[in-house]
Amino acid sequence: MAGCLVVATNSLRGMENCSVGLISPKADIINGVPMESQNPPAAFGKDMAASHDQRVAKPAPMREALHLFIRMVFGALPDNARMLCVGAGTGPELIYLAQAFPGWQYVAVDRSGAMLDVCRNRARENGVAERCTFHEGTFETLGEVEPFDAATSLLVSRFIFDTDARREFYAQIAQRLRPGGILVSADLATGASAPQYKSLYEVWERTMRYTGMPVLSIDRIGDKKSVLAPQAVRTIIASAGFEEPVQFFQALLIHACYAKRLGV
């Protein structure tokens, strides 16, 4: 059966929040992802999971627009595709795409069991749970899987500060895709030194305050090694086993692109 890998996150659900940690643990790095705060499963515990969707309702139109265009990007995939959601969180993109593509099978992966429980319950409520499998863990604990048709990674890789680790993150996705399989990746990206990006940041800041999300200063965003220029992110993706990525969506500082896995 054909397959589809969706590397989903708590991204556009939480803008600055994400259940991450998808590579190998080492020292003070959580599964290859240096974190500024607490362990992601602790950060995304039961209390946060229970109230998560309510707290991120205001930016929903931005998320819904991205979901629509992801659907269009994936529109030519086989009718029997399988979708793997890594960092699935509470599952809005999983639910949306499961309803859009009723012949697909889905695997939702997240390090936070609490978030995954909400995702599982939402899948049941929306009548798609019978086509979904839920795995609490990482790429490694998922084990061997059949090659997939497509993948999404939504605001995940910006939590990976080291460039080599970020490249490895995308390479892990590529390894699970069939040749020609499609990756959709969305991340915060900014050229903070350019005047137009400073102007755009002011709009972003107003948006974050309106939605009740945490606001980072433009200097802090610029200092973060993981918040790169859009082309820099696309270069990392291309170096991880993909064709040159194509940007298809932008909402303020959020940029999304798609790329096909190399190979025949």
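Filtering segment 116-153 to residues that are out of contact with any Leu (no Cβ under 7 Å at 6 or more places or on another chain), of a type in the set (Asp, Glu) and closer than 26 Å to residue 237 by Cβ leaves 140, 144, 146.
All conditions but one from (1) in contact with a Ser or Thr (Cβ under 9 Å, 6 or more places away or on another chain); (2) crowded, with 20+ Cβ neighbours inside 10 Å; (3) more than 23 Å from residue 99 (Cβ to Cβ) apply to residue 161; the one that does not is (2). Looking at segment 248-264, which of the residues that are part of a loop (DSSP other than H, G, I, E, B) and surrounded by fewer than 16 Cβ atoms within 10 Å (Cβ to Cβ) is modelled with the highest pLDDT? Ranking the qualifying residues of segment 248-264, first place goes to 262.
Taking every residue in segment 230-247 that is modelled with pLDDT of 95 or more and pairing it with any residue that is aromatic (Phe, Trp, Tyr) and surrounded by 16 or more Cβ atoms within 10 Å (Cβ to Cβ), at least 6 positions away or on another chain, the pairs with Cβ-Cβ distances below 8 Å are 236/170; 237/170; 240/169; 240/170; 241/170; 242/170; 245/258; 246/258. Within segment 122-146, being surrounded by 14 or more Cβ atoms within 10 Å (Cβ to Cβ) and touching a helix residue (DSSP H, G or I) at 6+ places or on another chain (Cβ under 9 Å) holds for 122, 123, 126, 128, 129, 131, 132, 134, 135, 136, 139. Is one or more of the residues making up segment 95-107 of a type in the set (Gly, Ala, Ser) and either assigned to a strand (DSSP E or B) or under 28 Å from residue 239 (Cα atoms) (or both)? No; the residues of segment 95-107 include none that is of a type in the set (Gly, Ala, Ser) and either assigned to a strand (DSSP E or B) or under 28 Å from residue 239 (Cα atoms) (or both). Taking residue 77 as the residue in question, decide whether it is closer than 27 Å to residue 246 by Cβ and crowded, with 18+ Cβ neighbours inside 10 Å. Yes, satisfied.
The values are calculated or read from the model by the stated rules, or taken from the named source; none is laboratory data. Keep in mind that what you see is a predicted model, and the values were worked out from it rather than measured. No Cβ is skipped: glycine too gets one built from the backbone with ideal geometry, and neighbour counts run over all protein chains shown.
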